[in-house]
1. Would you pick out the residues in the stretch 154-179 that are under 28 Å from L84 (Cβ atoms) and either surrounded by fewer than 16 Cβ atoms within 10 Å (Cβ to Cβ) or among the small types (G, A, S) (or both)?
2. Starting from residues that are of a type in the set (A, V, I, L, M) and at pLDDT 90 or above, keep the ones in the stretch 77-92 and report whichever is farthest from the chain's Cα centre (by Cα).
3. R26 - would you say it is surrounded by fewer than 22 Cβ atoms within 10 Å (Cβ to Cβ), of a type in the set (D, E, K, R), modelled with pLDDT under 90 and farther than 26 Å from R127 by Cβ?
4. Note down all Cβ pairs under 8 Å where the first residue falls in the stretch 25-40 and is not assigned by TED's automatic domain parsing to the domain that holds N71 and of a type in the set (V, I, T), the second is outside any loop (DSSP other than H, G, I, E, B) and buried (at least 18 other Cβ atoms within 10 Å of the Cβ), and they're at least six residues apart or on different chains.
5. Answer with yes or no whether A62 is assigned to a helix (DSSP H, G or I), under 24 Å from A134 (Cβ atoms) and without any contact (Cβ under 8 Å) to a residue 40 or more places away in the chain.
6. Condition first: surrounded by fewer than 20 Cβ atoms within 10 Å (Cβ to Cβ) and of a type in the set (V, I, T). Now tell me which residues in the stretch 54-67 satisfy that.
7. Suppose we keep only residues that are loosely packed, with under 14 Cβ neighbours inside 10 Å and of a type in the set (S, T, Y) within the stretch 201-217. Which one would you say is modelled with the highest pLDDT?
8. Would you mind stating whether R198 is outside the structural domain of N71 (by TED's automatic domain parsing), at pLDDT below 85 and surrounded by fewer than 17 Cβ atoms within 10 Å (Cβ to Cβ)?
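The values are calculated or read from the model by the stated rules, or taken from the named source; none is laboratory data. Values in this document were obtained by computation on a predicted structure and should not be read as measured data. We place every Cβ from the backbone using ideal geometry, glycine too, and count neighbours over all the protein chains shown.
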Amino acid sequence: MGTGDRWVVELSGELIDLHDAVDLFRDGPPTVQSYVLPHREAVVLMTDEFELLQAIPDVQIAAERMLVALNAVLYLEDRDRKPLSISGVHKRRANGTWDIGMIVSGGSYRLRGARLRGQPGAIGPTRQSNWLQAGLRDEIVADVLSYLRGEPDWIALYKAYEAMNKDANALRPTKGNVTGWPSKAKISAFTGGAQLHRHSKTWCDRHDIKSEDSMGFDEASNLIRSMIKVWLEWRA
(Lines give C-alpha, C1' and ligand atoms only; values in the text may rest on other atoms or scores of the structure.)
Protein backbone atom coordinates (compact mmCIF):
# COMPACT_ATOMS: atom_id res chain seq x y z
CA MET A 1 0.00 0.00 0.00
CA GLY A 2 1.44 3.34 -0.99
CA THR A 3 1.67 6.32 1.30
CA GLY A 4 -0.52 8.34 -1.04
CA ASP A 5 -3.52 6.02 -0.97
CA ARG A 6 -6.62 7.71 0.40
CA TRP A 7 -9.13 4.85 0.47
CA VAL A 8 -9.28 1.24 1.61
CA VAL A 9 -12.36 -0.98 1.75
CA GLU A 10 -12.52 -3.35 4.69
CA LEU A 11 -13.74 -6.88 3.98
CA SER A 12 -15.50 -9.29 6.31
CA GLY A 13 -15.96 -13.03 6.21
CA GLU A 14 -14.62 -16.18 7.82
CA LEU A 15 -10.98 -15.90 8.84
CA ILE A 16 -9.78 -18.74 6.59
CA ASP A 17 -11.49 -17.18 3.57
CA LEU A 18 -10.04 -13.74 4.28
CA HIS A 19 -6.54 -15.21 4.56
CA ASP A 20 -6.99 -17.09 1.30
CA ALA A 21 -8.14 -13.90 -0.43
CA VAL A 22 -4.94 -12.19 0.73
CA ASP A 23 -2.88 -15.06 -0.69
CA LEU A 24 -4.67 -15.13 -4.04
CA PHE A 25 -5.17 -11.44 -4.73
CA ARG A 26 -2.03 -9.94 -3.24
CA ASP A 27 -0.69 -8.67 -6.58
CA GLY A 28 -3.72 -7.19 -8.37
CA PRO A 29 -5.01 -4.70 -9.21
CA PRO A 30 -7.17 -4.80 -7.26
CA THR A 31 -5.28 -6.27 -4.32
CA VAL A 32 -6.41 -7.77 -1.04
CA GLN A 33 -4.03 -7.14 1.84
CA SER A 34 -3.77 -7.37 5.61
CA TYR A 35 -3.35 -3.86 6.98
CA VAL A 36 -3.45 -2.15 10.36
CA LEU A 37 -6.49 0.11 10.69
CA PRO A 38 -7.35 1.98 13.90
CA HIS A 39 -6.80 -0.36 16.84
CA ARG A 40 -6.79 -3.59 14.85
CA GLU A 41 -5.51 -5.50 11.85
CA ALA A 42 -8.00 -5.89 9.01
CA VAL A 43 -8.21 -7.35 5.52
CA VAL A 44 -8.77 -4.63 2.96
CA LEU A 45 -9.43 -4.25 -0.74
CA MET A 46 -7.39 -1.55 -2.47
CA THR A 47 -6.83 -0.29 -6.01
CA ASP A 48 -5.75 2.84 -7.82
CA GLU A 49 -9.30 3.19 -9.10
CA PHE A 50 -10.45 4.22 -5.62
CA GLU A 51 -7.99 7.12 -5.66
CA LEU A 52 -9.92 8.75 -8.51
CA LEU A 53 -13.06 8.92 -6.37
CA GLN A 54 -14.09 11.60 -3.90
CA ALA A 55 -16.97 10.23 -1.85
CA ILE A 56 -17.61 7.13 0.26
CA PRO A 57 -20.70 6.01 -1.74
CA ASP A 58 -18.65 6.08 -4.96
CA VAL A 59 -15.90 3.98 -3.38
CA GLN A 60 -18.47 1.52 -2.07
CA ILE A 61 -20.10 1.11 -5.49
CA ALA A 62 -16.73 0.50 -7.14
CA ALA A 63 -15.77 -2.00 -4.45
CA GLU A 64 -19.06 -3.88 -4.77
CA ARG A 65 -18.48 -4.31 -8.51
CA MET A 66 -15.00 -5.68 -7.81
CA LEU A 67 -16.25 -7.98 -5.09
CA VAL A 68 -18.76 -9.56 -7.48
CA ALA A 69 -15.90 -10.62 -9.77
CA LEU A 70 -13.59 -11.52 -6.87
CA ASN A 71 -16.08 -13.86 -5.24
CA ALA A 72 -17.06 -15.33 -8.59
CA VAL A 73 -13.43 -16.23 -9.27
CA LEU A 74 -13.22 -17.86 -5.85
CA TYR A 75 -16.39 -19.83 -6.59
CA LEU A 76 -14.60 -21.40 -9.54
CA GLU A 77 -12.31 -23.19 -7.08
CA ASP A 78 -14.90 -24.40 -4.57
CA ARG A 79 -18.59 -23.60 -4.51
CA ASP A 80 -18.79 -24.11 -0.73
CA ARG A 81 -16.62 -21.17 0.34
CA LYS A 82 -18.32 -18.64 2.57
CA PRO A 83 -18.87 -15.25 0.92
CA LEU A 84 -16.79 -12.16 1.56
CA SER A 85 -18.59 -8.85 1.97
CA ILE A 86 -17.84 -5.18 2.56
CA SER A 87 -17.89 -4.03 6.19
CA GLY A 88 -16.56 -0.49 5.91
CA VAL A 89 -14.86 2.21 3.86
CA HIS A 90 -11.84 3.98 5.39
CA LYS A 91 -10.24 7.27 4.38
CA ARG A 92 -6.72 8.41 5.22
CA ARG A 93 -6.53 11.61 7.25
CA ALA A 94 -4.21 14.48 6.34
CA ASN A 95 -1.79 13.38 9.10
CA GLY A 96 -1.44 9.92 7.53
CA THR A 97 -3.62 7.98 9.98
CA TRP A 98 -6.85 6.24 9.02
CA ASP A 99 -10.30 7.20 10.23
CA ILE A 100 -12.47 4.66 12.06
CA GLY A 101 -14.35 3.98 8.84
CA MET A 102 -17.83 4.42 7.53
CA ILE A 103 -19.78 1.20 8.10
CA VAL A 104 -21.77 0.34 5.00
CA SER A 105 -25.26 -1.07 5.10
CA GLY A 106 -27.09 -2.82 2.31
CA GLY A 107 -25.87 -3.01 -1.23
CA SER A 108 -22.83 -5.12 -0.48
CA TYR A 109 -22.96 -8.51 -2.15
CA ARG A 110 -22.95 -11.76 -0.23
CA LEU A 111 -21.24 -14.05 -2.72
CA ARG A 112 -19.85 -17.52 -2.74
CA GLY A 113 -16.26 -18.34 -3.50
CA ALA A 114 -13.61 -21.00 -3.11
CA ARG A 115 -11.89 -22.48 -0.09
CA LEU A 116 -8.30 -23.01 -1.14
CA ARG A 117 -4.78 -22.44 -0.04
CA GLY A 118 -2.48 -19.79 -1.38
CA GLN A 119 0.53 -20.36 -3.61
CA PRO A 120 3.59 -19.98 -1.37
CA GLY A 121 6.63 -18.57 -3.09
CA ALA A 122 4.76 -17.54 -6.23
CA ILE A 123 6.08 -14.42 -7.92
CA GLY A 124 3.67 -12.03 -9.56
CA PRO A 125 -0.11 -12.23 -9.82
CA THR A 126 -1.77 -15.60 -9.31
CA ARG A 127 -3.92 -17.00 -12.08
CA GLN A 128 -6.97 -16.18 -9.95
CA SER A 129 -5.82 -12.56 -9.82
CA ASN A 130 -5.48 -12.57 -13.62
CA TRP A 131 -9.02 -13.93 -13.93
CA LEU A 132 -10.26 -11.19 -11.61
CA GLN A 133 -8.58 -8.53 -13.74
CA ALA A 134 -10.10 -10.06 -16.88
CA GLY A 135 -13.53 -9.93 -15.25
CA LEU A 136 -13.10 -6.23 -14.52
CA ARG A 137 -11.84 -5.17 -17.94
CA ASP A 138 -13.55 -7.56 -20.37
CA GLU A 139 -17.31 -7.33 -20.81
CA ILE A 140 -17.73 -10.96 -21.91
CA VAL A 141 -15.78 -12.34 -18.94
CA ALA A 142 -17.71 -10.01 -16.64
CA ASP A 143 -20.99 -11.38 -18.00
CA VAL A 144 -19.97 -14.99 -17.41
CA LEU A 145 -18.71 -14.29 -13.88
CA SER A 146 -21.83 -12.28 -13.03
CA TYR A 147 -23.92 -15.44 -13.25
CA LEU A 148 -21.88 -16.97 -10.43
CA ARG A 149 -22.95 -14.40 -7.85
CA GLY A 150 -24.95 -15.49 -4.83
CA GLU A 151 -25.73 -19.18 -4.91
CA PRO A 152 -25.87 -20.13 -8.60
CA ASP A 153 -28.72 -22.46 -9.54
CA TRP A 154 -29.34 -24.44 -12.71
CA ILE A 155 -30.50 -21.37 -14.61
CA ALA A 156 -27.43 -19.35 -13.60
CA LEU A 157 -25.09 -22.18 -14.56
CA TYR A 158 -26.80 -22.56 -17.92
CA LYS A 159 -26.60 -18.82 -18.63
CA ALA A 160 -22.90 -18.85 -17.77
CA TYR A 161 -22.44 -21.82 -20.11
CA GLU A 162 -24.35 -20.10 -22.94
CA ALA A 163 -22.31 -16.89 -22.71
CA MET A 164 -19.02 -18.76 -22.45
CA ASN A 165 -19.84 -21.21 -25.26
CA LYS A 166 -20.94 -18.39 -27.58
CA ASP A 167 -17.61 -16.64 -27.02
CA ALA A 168 -15.62 -19.87 -27.51
CA ASN A 169 -17.42 -20.56 -30.79
CA ALA A 170 -16.70 -17.03 -32.02
CA LEU A 171 -12.98 -17.29 -31.21
CA ARG A 172 -12.37 -20.89 -32.41
CA PRO A 173 -11.66 -19.98 -36.05
CA THR A 174 -8.65 -17.92 -34.96
CA LYS A 175 -7.63 -19.57 -31.66
CA GLY A 176 -8.48 -23.22 -32.31
CA ASN A 177 -10.27 -25.58 -29.95
CA VAL A 178 -10.36 -24.96 -26.22
CA THR A 179 -7.78 -27.16 -24.50
CA GLY A 180 -9.49 -29.23 -21.82
CA TRP A 181 -13.04 -28.76 -23.16
CA PRO A 182 -15.33 -31.63 -22.06
CA SER A 183 -16.82 -34.15 -24.45
CA LYS A 184 -20.06 -33.53 -26.33
CA ALA A 185 -21.65 -36.27 -24.23
CA LYS A 186 -20.77 -34.46 -21.00
CA ILE A 187 -22.09 -31.17 -22.32
CA SER A 188 -25.27 -32.86 -23.55
CA ALA A 189 -25.83 -34.39 -20.10
CA PHE A 190 -25.42 -30.93 -18.55
CA THR A 191 -27.75 -29.17 -20.98
CA GLY A 192 -30.30 -31.96 -20.49
CA GLY A 193 -30.20 -31.47 -16.73
CA ALA A 194 -30.56 -27.73 -17.16
CA GLN A 195 -33.54 -28.12 -19.50
CA LEU A 196 -35.28 -30.38 -16.97
CA HIS A 197 -35.07 -27.58 -14.43
CA ARG A 198 -35.86 -24.71 -16.83
CA HIS A 199 -38.92 -26.21 -18.53
CA SER A 200 -42.02 -28.20 -17.71
CA LYS A 201 -42.12 -31.99 -17.86
CA THR A 202 -44.47 -31.72 -20.84
CA TRP A 203 -41.94 -29.58 -22.74
CA CYS A 204 -39.11 -32.01 -21.91
CA ASP A 205 -41.19 -35.03 -22.95
CA ARG A 206 -42.03 -33.34 -26.24
CA HIS A 207 -38.30 -32.76 -26.88
CA ASP A 208 -37.36 -36.28 -25.72
CA ILE A 209 -35.29 -35.02 -22.75
CA LYS A 210 -35.19 -37.73 -20.10
CA SER A 211 -34.01 -37.40 -16.50
CA GLU A 212 -31.91 -40.55 -16.75
CA ASP A 213 -29.79 -38.92 -19.47
CA SER A 214 -28.99 -35.80 -17.44
CA MET A 215 -26.51 -35.03 -14.64
CA GLY A 216 -27.09 -33.90 -11.08
CA PHE A 217 -26.50 -30.38 -9.84
CA ASP A 218 -23.21 -31.07 -8.02
CA GLU A 219 -21.71 -32.60 -11.17
CA ALA A 220 -23.10 -29.73 -13.24
CA SER A 221 -21.48 -27.16 -10.96
CA ASN A 222 -18.15 -29.00 -11.13
CA LEU A 223 -18.38 -29.19 -14.92
CA ILE A 224 -19.20 -25.52 -15.51
CA ARG A 225 -16.59 -24.27 -13.06
CA SER A 226 -13.98 -26.45 -14.76
CA MET A 227 -15.05 -25.23 -18.21
CA ILE A 228 -14.88 -21.58 -17.18
CA LYS A 229 -11.35 -22.02 -15.82
CA VAL A 230 -10.01 -23.61 -19.00
CA TRP A 231 -11.89 -21.06 -21.12
CA LEU A 232 -10.31 -18.18 -19.17
CA GLU A 233 -6.84 -19.63 -19.65
CA TRP A 234 -7.48 -20.34 -23.33
CA ARG A 235 -8.75 -16.87 -24.20
CA ALA A 236 -6.15 -14.95 -22.17
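1. I155, A156, A160, E162, A163
2. So the residue we want is V89.
3. no
4. Close Cβ pairs satisfying both conditions: none exist.
5. Taking the combined requirement at face value, the residue satisfies it.
6. I56, I61
7. Restricting to residues being loosely packed, with under 14 Cβ neighbours inside 10 Å and of a type in the set (S, T, Y), the top hit is T202.
8. Yes: the conditions hold for R198.
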